[in-house]
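Taken together, the values in this text are just the output of simple stated rules run on the coordinates, not laboratory data. Since the structure is predicted, the reported quantities are computational estimates derived from the model, not experimental observations. No Cβ is skipped: glycine too gets one built from the backbone with ideal geometry, and neighbour counts run over all protein chains shown.
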Amino acid sequence: MAAVAEEPEAGEAAEEAARAEIPNQIPNINRELSRMAQLIEKELSYKLVGLLFAVYNTLGGGYQEKYYQKAIAKEFERNGIKFQEQLIVPLDFKGSSIGRYFLDFLVERKIIVEIKSASKIYMRDVKQILSYLKRSDLELGILANFSRNGLEFRRVLKGSQ
């Protein structure tokens, strides 16, 4: 009995066409991954994280947020980092003020640094810094949590969740 070749079903044909298209998409995917891999404010953010660790290594964990804030300000000054502390950012709705935010630090007019002293970083903390980024023209925030178990930090990009 002779073998009969069956015609591929519509679903199989679509899968084959998609597989054939993958090699054409690889350069675009590689370009996008390369763009994503470029860190925003790489040098400055590395320096800031190093200074945050210096503060933690000196003080340790367990203090109130206000003491870490004072120590960070001193460390920024000692290292020639330009910053604004407890910067007030108004929140407006259709031309009327409805509130305001207080940024812990705005560093070099490029990066928001938000500090916490809790057992861990919570999603509400990430959402808080995202809302600060949304209200500003900035792309990057650093969220630092000084806990009894160590310093935990996250780089938060505008538009990330």
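Listing for the model above:
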{"item": "Least to most buried among Phe76, Phe83, Phe53, Phe146 (fewest other Cβ within 10 Å first)", "result": "Phe53, Phe83, Phe76, Phe146"}
{"item": "Globularity ratio of segment 42-157, using Cα Rg and 2.2 N^0.38 Å", "result": "1.05"}
{"item": "Under-5 Å amide H pairs with Phe83, H placed in peptide plane, nonlocal only", "result": "Glu108"}
{"item": "Gain in span if fully extended, Lys110 to Lys127, counting 0.36 nm per residue against the direct Cα distance", "result": "4.2 nm"}
{"item": "Cα point-scatterer Debye curve for segment 64-130, base-10 log of I(q)/I(0) at q = 0.16 Å⁻¹", "result": "-0.64"}
